[in-house]
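This report concerns only the one structure given below.
The values are calculated or read from the model by the stated rules, or taken from the named source; none is laboratory data. On a predicted model such as this, the values are computed, not experimentally measured, just so you know. Because the Cβ atoms are built from the backbone with ideal geometry, glycine has one as well, and the counts that use them run over all protein chains shown.
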Amino acid sequence: MPTSPSSSAQAARRVVAHRLRDLRRSAGLTVVELADRCGWHHSKTSRIENAVTAPSAKDVRAWAAACEASDQAEDIVAQSLNAESMYGEWRQQVRRGMKQLQNSMVRFFHDTALFRVYSTTLIPGLLQTEGYASALLSTIADFRSIPFNDGAEAAAARVERSRVIHEPGHRFVVLIEEAVLYTRIGDGDAMAAQLGYLLTAGALPQMSLGIIPAATRQRRQWPVETFHVYDDALVSVELLSAEVNITQPSEIALYLKAFDQLQDMAVYGADARALIVKAIDALH
């Protein structure tokens, strides 16, 4: 069971605190000695090491320099910033409705050159039809008790946002588990239309659609959480209660490694189309 966003964020702060503490210890410095080198009171060092106070980027760089480990500073800075901002509470994101959330990403999508998406549960938003998206977003709005359910309007906005897949200057690598094809969202007609659209969109020259067969043997990578990688700058992970935005280079590298392994297990082209057609036939 996933931990809550607040407890996970605190755990992320502790990871940063322990990393800074280990730097100090490796340098053979006491709490007071490090504080003297950084020019602050030793109590600040203690607060940072106990995850009571979050260090600023300036604090991290000063700390690393004092420990003669400046080469680690930027990675720790990114890790610290991530700990403070990685959790965007869904209640905050959708406070003005689901449509507003879809529209908020339009500019970011236009500015992204390479989209890499892995989904273990649902058809990714970039490839959703309006009927599928409407059923999904309306269900989400009901579950989250959003004051007004604008699922249909949000679905139209999502489809409009997804027109980016037809614009020049972008590439898309989308991986889904075969089980996604059988997770029915909406009625039979909406699901059939969605699967039919996969056949069309998957054939676009800028789109690489891979499906990982359920019968894959000796998987190099187990099914993990659904995630999106935007260029090499951001990984977005969706949890039930929050969206996790990862910017720390070492964590991004881990997701890219997982994506590469998942990509190697997927089938493409005619083999992928055969799996989609099989799922369409199963609807009847």
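Test V173 against the criterion of being over 13 Å from the mean Cα position of the chain (by Cα) and either assigned to a strand (DSSP E or B) or at pLDDT below 90 (or both), and give yes or no. Against the criterion (over 13 Å from the mean Cα position of the chain (by Cα) and either assigned to a strand (DSSP E or B) or at pLDDT below 90 (or both)), V173 qualifies. If you check Y230 against the conditions, is it of a type outside the set (V, I, T) and either in contact with a strand residue (DSSP E or B) (Cβ under 7 Å, 6 or more places away or on another chain) or farther than 24 Å from L114 by Cα (or both)? Answer is yes for this residue.
Please state which of the following conditions A51 fails to meet, knowing it meets all the rest: (1) at pLDDT 80 or above; (2) surrounded by fewer than 15 Cβ atoms within 10 Å (Cβ to Cβ). Checking A51 against (1) at pLDDT 80 or above; (2) surrounded by fewer than 15 Cβ atoms within 10 Å (Cβ to Cβ), the one that fails is (2).
When the stretch 169-228 is filtered for residues that are acidic (D, E) and under 15 Å from D271 (Cα atoms), the ones remaining, listed by number, are E177, E178.
The residues in the stretch 37-82 that are charged (D, E, K, R) and within 16 Å of S26 (Cβ to Cβ) can be counted, and the count is 5.
Scoring V159 on the criteria (1) assigned to a helix (DSSP H, G or I); (2) of a type in the set (V, I, T); (3) under 30 Å from L254 (Cβ atoms) leaves a single failure, condition (3). You will find that of A11, A83, A62, the residue that is modelled with pLDDT of 90 or more and in a helix (DSSP H, G or I) is A62 and no other. Quick check, is R158 surrounded by 21 or more Cβ atoms within 10 Å (Cβ to Cβ) and closer than 19 Å to V237 by Cα? Judged against the criteria, R158 is a match.
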